[in-house]
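This is the structure I want to talk about, given as structure tokens.
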Amino acid sequence: MAVALVTGASRGIGASIAETLADAGFDVAVGFASDSAGAANTVAAIEARGRRAIALQADVSDELQAGELVAAAETELGPLDAVVLNAGITRDGLFVRMSTDDWRAVIDTNLTGAFYVSRASVRGMLRRRSGSIVAVSSIVGLTGNAGQANYAAAKAGMIGMVKSLAKEVGGRGIRVNAVAPGYITTDMTADLDDDQRDQILASTPLGRLGTPADVSAVVAFLCSDDAAFITGSVIRVDGGLGI
């Protein structure tokens with residue numbers, strides 16, 4: 001019986017990942033920060049697929065809460081076979097006007113939170129000599145983006161963490177990878193105006209925005225035995241935007 005923890009799984013990409021992993025045979029711990037109703041919906045969708053699920057609230061930027069999240073997931077569902085680092089926030093703004101609080105909030109949640117959850121998870125994986133960790137980064141972590149210096153820095157940092165951790169734990173049978181989504185139809189892109197959307201589509205060879213399912217399919221692959229010889233990789237799911 002396979003068990004996964006997905007952070008930021010109350011909506012959007014995280015919810016899609018949790019449900020796709022359930023389709024692949026995983027029981028899933030649904031991590032969320034504040035959206036308890038959304039987390040409950042994700043749990044219900046997983047249970048409807050015949051898998052076990054539990055919603056666990058935690059602020060992953062808090063070291064203690066991140067550790068308790070992992071411990072609770074393993075207590076309720078069993079040892080973690082897969083961990084998906086999806087929790088993230090945005091606080092966009094021009095660099096010269098960006099407040100220290102907005103910088104820290106994004107780095108603390110998106111990057112340091114990923115570190116806390118990974119560190120707490122990998123200890124058990126090392127003992128069991130197996131496991132898969134997948135970080136949900138972003139194409140802007142590879143290309144940068146005006147108005148998102150904090151977000152791009154956090155997502156680039158995740159990629160560096162993934163590559164370093166992959167080198168450290170590969171000898172114990174643990175794989176660590178990242179996906180880098182482009183513009184995906186979620187709440188984070190709902191505020192795009194028509195001009196912004198047109199510019200994105202014009203720069204995307206496939207000519208559309210992505211869907212959460214586009215991302216979750218790749219994450220599920222990386223969590224599966226089909227990706228048994230893949231580690232330290234960053235797979236862009238961006239319709240060609242980053243070419």
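Each reported figure results from applying straightforward, stated rules to the coordinates on display, with no laboratory input. Remember, predicted model here, so these are calculated numbers, not experimental data. Please note: Cβ atoms are built from the backbone with ideal geometry, for glycine as well, and neighbour counts cover all protein chains shown.
Determine which member of the set L77, L56 is out of contact with any helix residue (DSSP H, G or I) (no Cβ under 9 Å at 6 or more places or on another chain), touching a residue at least 12 places away in the same chain (Cβ under 8 Å) and either over 26 Å from S233 (Cβ atoms) or among the small types (G, A, S) (or both).
On the way: L56 fails: out of contact with any helix residue (DSSP H, G or I) (no Cβ under 9 Å at 6 or more places or on another chain).
That would be L77, the only listed residue that is out of contact with any helix residue (DSSP H, G or I) (no Cβ under 9 Å at 6 or more places or on another chain), touching a residue at least 12 places away in the same chain (Cβ under 8 Å) and either over 26 Å from S233 (Cβ atoms) or among the small types (G, A, S) (or both).
Can you name every residue in the range 1-27 that is closer than 12 Å to N86 by Cβ and either of a type in the set (D, E, K, R) or not in a helix (DSSP H, G or I) (or both)?
A4, L5, V6, T7, G8, A9, S10, R11
Filter the range 60-78 for residues that are crowded, with 16+ Cβ neighbours inside 10 Å and part of a loop (DSSP other than H, G, I, E, B) and give the result.
The answer is V60, S61, D62.
Shifting gears a bit: Within the range 210-232, can you find the residues that are crowded, with 16+ Cβ neighbours inside 10 Å, of a type outside the set (D, E, K, R) and out of contact with any helix residue (DSSP H, G or I) (no Cβ under 7 Å at 6 or more places or on another chain)?
G210, V218, L222, S224
Only residues that are assigned to a helix (DSSP H, G or I), more than 17 Å from the chain's Cα centre (by Cα) and surrounded by 15 or more Cβ atoms within 10 Å (Cβ to Cβ): list them for the range 164-201, please. Write out each step before concluding.
Start the filter on the range 164-201 by keeping residues that are assigned to a helix (DSSP H, G or I), which leaves 164-172, 187-189, 194-201.
So of that shortlist, the ones also more than 17 Å from the chain's Cα centre (by Cα) come out as 164, 167-172, 194-201.
Result: V169, I200, L201.
Do any helices (runs of 4 or more DSSP H) lying entirely in the range 79-156 carry at least 3 residues that are more than 13 Å from the chain's Cα centre (by Cα) and of a type in the set (K, R), and which ones are they? Don't jump to the end; show me each part of the working.
Values: elements: 100-106, 113-128, 140-143.
Output list reads 113-128.
How many residues are farther than 16 Å from T7 by Cβ and either aliphatic (A, V, I, L, M) or assigned to a helix (DSSP H, G or I) (or both) if we restrict to the range 34-59?
The first filter runs over the range 34-59 and keeps only residues farther than 16 Å from T7 by Cβ, leaving 37, 40-41, 44-45, 47-52.
From what's left, either aliphatic (A, V, I, L, M) or assigned to a helix (DSSP H, G or I) (or both): 37, 40-41, 44-45, 47-48.
Count: 7.
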